[in-house]
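S.K.: There's a structure below that I have some questions on.
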Amino acid sequence: MARRSLSANLLLFLFTFALFHTHALSKTLKRDVKALNEIKSSLGWRVVYAWVGDDPCGGDGLQPWSGVTCSTQGDYRVVTELEVYAVSIVGPFPTAVTNLLDLTRLDFHNNKLTGPIPPQIGRLKRLKILNLRWNKLQDSIPPEIGELKSLTHLYLSFNNFKGEIPKELANLPELRYLYLQENRFVGRIPAELGTLQNLRHLDVGNNHLVGTIRELIRIEGCFPALRNLYLNNNYLTGGVPAQLANLTNLEILHLSSNKMTGVIPVGLAHIPKLTYLYLDHNQFTGRIPEAFYRHPFLKEMYIEGSSFKPGVNPIGMHKVFEVSDADFVV
């Protein structure tokens with residue numbers, strides 16, 4: 001009887017020890033707990049009221065903090081995603097975020113963050129998605145952002161960034177989507193961006209950029225995967241180079257509201273999947289090549305506000321010429 005009691009007690013002890021040991025192993029890394037608490041103190045009540053408990057990853061019957069996603073790595077849990085958006089948080093970008101070294105997603109979009117992106121952002125080597133659009137962030141983009149080698153999506157649009165677009169963005173081999181529109185960038189678009197083998201979407205519209213498309217695509221074999229190119233509402237000059245037709249994956253080309261001149265090369269009409277072409281409000285001359293009207297995918301072409309010769313039927317809605325869908329042969 002005593003032996004059975006001893007065995008039962010031993011089993012109970014081992015079970016309790018295993019339970020305690022497992023719970024201990026699943027604790028969140030102290031580094032991440034400290035960082036989240038610093039962020040909590042800086043972001044204000046809109047976040048604080050939803051972040052309850054001592055452990056951001058949850059435990060003791062509590063759920064993880066809202067917008068915080070964790071995963072187990074080895075003996076600890078680490079924070080891998082932080083999404084705090086559209087809650088009107090005010091103040092500078094919380095530098096403590098850069099201590100969350102296992103982050104793969106950081107989303108602060110649609111808030112009222114101010115000031116610069118801290119150069120420590122380069123510490124987040126595992127970051128894949130960085131979404132800071134629709135804030136009031138300022139100053140230049142730190143070159144350290146080029147150290148985020150895993151980054152695939154970068155959203156910095158609708159802020160007050162200034163200075164030049166850093167050529168260090170070309171150091172991001174996995175980058176697919178780059179949104180920089182609606183800022184105050186000046187200077188030329190770095191031609192080095194053309195070396196990004198996976199870049200599908202580039203939007204630098206509504207800035208104060210200068211230069212020519214010829215300069216942008218001067219690197220041989222540039223932009224091999226690019227589908228959407230938005231250069232609208234800047235101060236670009238020069239013409240549309242025939243070499244632009246080498247971007248054979250282009251689907252959207254948006255050149256509206258620049259200071260571009262010259263004729264439209266017929267080769268542009270041979271980009272296989274070109275679907276939307278915006279040429280309006282420039283200083284183009286000559287005629288629209290007839291080949292555009294035989295294109296199997298082209299749905300819209302906007303040309304108003306330039307000096308094209310009459311006698312062709314451009315596609316799309318515009319002020320200079322008007323046609324119905326029936327006039328466009330598909």
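S.K.: Looking at the stretch 51-69, which of its residues are out of contact with any strand residue (DSSP E or B) (no Cβ under 7 Å at 6 or more places or on another chain) and open to solvent by less than 40 Å² (accessible area, probe 1.4 Å)?
M.R.: Matches in the stretch 51-69: W51, G58, G59, W65.
S.K.: Looking at the structure I just gave you, is L274 open to solvent by less than 30 Å² (accessible area, probe 1.4 Å), in a strand (DSSP E or B) and within 16 Å of R200 (Cα to Cα)?
M.R.: no
S.K.: Select from the stretch 92-129 the residues that are closer than 17 Å to N171 by Cβ and out of contact with any Ser or Thr (no Cβ under 7 Å at 6 or more places or on another chain) and list them in ascending order.
M.R.: Of everything in the stretch 92-129, those that are closer than 17 Å to N171 by Cβ and out of contact with any Ser or Thr (no Cβ under 7 Å at 6 or more places or on another chain) turn out to be I117, P119, G122.
S.K.: Filter the stretch 232-273 for residues that are under 19 Å from L199 (Cα atoms) and out of contact with any strand residue (DSSP E or B) (no Cβ under 7 Å at 6 or more places or on another chain) and give the result.
M.R.: Of everything in the stretch 232-273, those that are under 19 Å from L199 (Cα atoms) and out of contact with any strand residue (DSSP E or B) (no Cβ under 7 Å at 6 or more places or on another chain) turn out to be Q243, L244, A245, N246, L247, T248, N249, I271, P272, K273.
S.K.: Among the residues of the stretch 195-209, is any within 28 Å of Y276 (Cα to Cα), in contact (Cβ under 8 Å) with a residue 40 or more places away in the chain and in contact with a helix residue (DSSP H, G or I) (Cβ under 6 Å, 6 or more places away or on another chain)?
M.R.: Taking every residue of the stretch 195-209 in turn, none turns out to be within 28 Å of Y276 (Cα to Cα), in contact (Cβ under 8 Å) with a residue 40 or more places away in the chain and in contact with a helix residue (DSSP H, G or I) (Cβ under 6 Å, 6 or more places away or on another chain).
S.K.: Can you tell me how many residues within the stretch 270-293 are within 25 Å of R176 (Cα to Cα) and touching a helix residue (DSSP H, G or I) at 6+ places or on another chain (Cβ under 8 Å)?
M.R.: Of the residues in that region, 4 qualify.
S.K.: For L137, state whether it is closer than 15 Å to V204 by Cα, modelled with pLDDT of 95 or more and surrounded by 18 or more Cβ atoms within 10 Å (Cβ to Cβ).
M.R.: Judged against the criteria, L137 is not a match.
S.K.: Say we look at the stretch 148-163 and pick out the residues that are aliphatic (A, V, I, L, M) and not in a strand (DSSP E or B); which of these is nearest to the chain's Cα centre (by Cα)?
M.R.: Residue satisfying both the conditions and the ranking: L156.
S.K.: Are any residues in the stretch 89-123 in a loop (DSSP other than H, G, I, E, B) and open to solvent by 50 Å² or more (accessible area, probe 1.4 Å), and if so, which ones?
M.R.: L101, N110, P116
S.K.: Hey, does the stretch 219-240 have a residue that's charged (D, E, K, R), within 26 Å of K162 (Cβ to Cβ) and touching a residue at least 12 places away in the same chain (Cβ under 8 Å)?
M.R.: Checked against the condition, which is being charged (D, E, K, R), within 26 Å of K162 (Cβ to Cβ) and touching a residue at least 12 places away in the same chain (Cβ under 8 Å), the stretch 219-240 yields no hits at all.
S.K.: Scanning for something of a type in the set (A, V, I, L, M, F, W, C), without any contact (Cβ under 8 Å) to a residue 40 or more places away in the chain, open to solvent by less than 40 Å² (accessible area, probe 1.4 Å) and under 16 Å from L43 (Cβ atoms), does the stretch 70-80 turn up at least one residue?
M.R.: Scanning the stretch 70-80 turns up no residue that is of a type in the set (A, V, I, L, M, F, W, C), without any contact (Cβ under 8 Å) to a residue 40 or more places away in the chain, open to solvent by less than 40 Å² (accessible area, probe 1.4 Å) and under 16 Å from L43 (Cβ atoms).
S.K.: Mind listing whichever residues of the stretch 140-181 are acidic (D, E) and open to solvent by less than 20 Å² (accessible area, probe 1.4 Å)?
M.R.: None; the set is empty.
S.K.: Let me ask you something else. If I ask for residues that are touching a Ser or Thr at 6+ places or on another chain (Cβ under 9 Å) and not hydrophobic (A, V, I, L, M, F, W, C), which ones from the stretch 174-205 would you list?
M.R.: E174, R176, Y177, Y179, Q181, E182, N183, R188, N198, D203, G205
The values are calculated or read from the model by the stated rules, or taken from the named source; none is laboratory data. Note that this is a predicted model, so its numbers are computed, not measured. Note: ideal-geometry Cβ built from the backbone for every residue, glycine included; neighbour counts use all protein chains shown. These accessible areas exclude ligands, DNA and RNA; they are computed on the full protein's heavy atoms, side chains included. Shrake-Rupley method; radii C 1.70, N 1.55, O 1.52, S 1.80 Å.
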